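S.K.: Take this structure, written in structure tokens, and hold onto it; I'll ask about it next.
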Ligand SMILES: NC(=O)c1ccc[n+]([C@@H]2O[C@H](COP(=O)([O-])OP(=O)(O)OC[C@H]3O[C@@H](n4cnc5c(N)ncnc54)[C@H](O)[C@@H]3O)[C@@H](O)[C@H]2O)c1
């Protein structure tokens, strides 16, 4: 397949690109490098540096691959987005403007050039008031932030694209993406970092004095919040399965989690085990908007596409993350890590 990956220089996108290339697909990465890293892009991928907000640049990326009358890409995977829940509540217009306009532009070019398979990176942040845990795809969609709202809009958009243009789509609602390529060659490097596992590993690396634990009085066994950590290469496999499955002409929505919930303290304990570092912690008040428990029910994608997460154990996920961070303590380099 010929595949376009927006945000393919970012954390999840770069891992999906590696997997696509390992499976023999032809990949074009489109990324403005606002948060991604050129070094994260597989050397065999075609790289186009451009911004989804710039329609002219986007059109060039599609023309580059133009085949006689045929669609330039067999599928488009759309990862590019601002991604921070907290920031989206402080600067809502950045998210509403950029995330929504980026998706609008991309879909306009896709429909104009006959792309008929599309995969959207969606999020567990659509489930702000789950009635049942683990959470199925049928749970009410209530975005928990402006960031989540922009993903909700993306999902709604795709429903219209199917109705009007016949585009087939898959919305993949990730829970907490984590871990790194098992060889340690690419991994997570968000700046600022807001995700728990890399933050705890920064303590093990001596880059941060302690970890703040936000909320120790939740109604959970140890009082700290529980999340579902899904390995980034398992996410990558799910994208490839979904892309292939769309050939049957049926659009879909799937939750992607590993099915197990781990508390903040359990994650810290796992990093202690894997790294051998004591990891000092400091208790802090709950953060506004954090839910006590978010765990995915991924039965639907397992039953329909045969997706089985290989990393169903937290220590194994942390081991891959540790391998990456230990061999790349400054991530992809550049500005150095902030604490
Ligand atoms: N990381 C998670 O746990 C998680 C969970 C749920 C959903 N998601 C979604 O998955 C996707 C990827 O997340 P990530 O953690 O890899 O994020 P990331 O920030 O590492 O990657 C996003 C990439 O998109 C690029 N980008 C952003 N705006 C762009 C634009 N206008 N034009 C071109 N490129 C642009 C950035 O440079 C970056 O490389 C996002 O859509 C995010 O919302 C992530």
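The values are calculated or read from the model by the stated rules, or taken from the named source; none is laboratory data. Because the structure is a prediction, the values reported are computed rather than measured. Every residue, glycine among them, receives a Cβ derived from its backbone with ideal geometry; neighbour counts consider all protein chains shown.
S.K.: Do we find that residue 79 is more than 10 Å from the ligand (Cβ to nearest atom) and buried (at least 19 other Cβ atoms within 10 Å of the Cβ) in this structure?
M.R.: Here the answer is no, as residue 79 does not meet what is asked.
S.K.: Among the residues of the range 1-17 satisfying the criterion of being crowded, with 24+ Cβ neighbours inside 10 Å and within 12 Å of residue 181 (Cβ to Cβ), which is farthest from the ligand (Cβ to nearest atom)?
M.R.: Step by step, filter the range 1-17, then rank; the result is 17.
S.K.: Filter the range 35-49 for residues that are within 12 Å of the ligand (Cβ to nearest atom) and assigned to a strand (DSSP E or B) and give the result. Outline the logic, then answer.
M.R.: First, pick out the residues of the range 35-49 that are within 12 Å of the ligand (Cβ to nearest atom): 35-41, 47-49.
Once the filter is applied, which keeps residues that are within 12 Å of the ligand (Cβ to nearest atom) and assigned to a strand (DSSP E or B), the range 35-49 yields 47, 48, 49.
S.K.: What about residue 269, is it crowded, with 17+ Cβ neighbours inside 10 Å and without any contact (Cβ under 8 Å) to a residue 12 or more places away in the chain?
M.R.: yes
S.K.: May I ask you to verify whether residue 29 is in contact with a helix residue (DSSP H, G or I) (Cβ under 9 Å, 6 or more places away or on another chain) and surrounded by 21 or more Cβ atoms within 10 Å (Cβ to Cβ)?
M.R.: yes
S.K.: Looking at 201, 197, 240, which is the one that is buried (at least 21 other Cβ atoms within 10 Å of the Cβ), assigned to a helix (DSSP H, G or I) and over 16 Å from the mean Cα position of the chain (by Cα)?
M.R.: Exactly one residue qualifies, and that residue is 201.
S.K.: Hey, does the range 91-100 have a residue that's within 13 Å of the ligand (Cβ to nearest atom), surrounded by fewer than 20 Cβ atoms within 10 Å (Cβ to Cβ) and over 22 Å from residue 11 (Cβ atoms)?
M.R.: yes
S.K.: Where the second residue is within 8 Å of the ligand (Cβ to nearest atom) and assigned to a loop (DSSP other than H, G, I, E, B) and the first is in the same structural domain as residue 164 (by TED's automatic domain parsing) and lies in the range 116-135, which pairs have Cβ atoms under 8 Å and are six or more apart or on separate chains?
M.R.: 121/7; 121/79; 121/81; 124/175
S.K.: Can I ask one more? Got at least one residue in the range 113-129 being assigned to a helix (DSSP H, G or I) and within 30 Å of residue 327 (Cβ to Cβ)? Walk me through it before giving the result.
M.R.: Taking the range 113-129 as the starting set, the residues that turn out to be assigned to a helix (DSSP H, G or I) are 124-126.
From what's left, within 30 Å of residue 327 (Cβ to Cβ): 124.
Among the residues of the range 113-129, at least one is assigned to a helix (DSSP H, G or I) and within 30 Å of residue 327 (Cβ to Cβ), which makes the answer yes.
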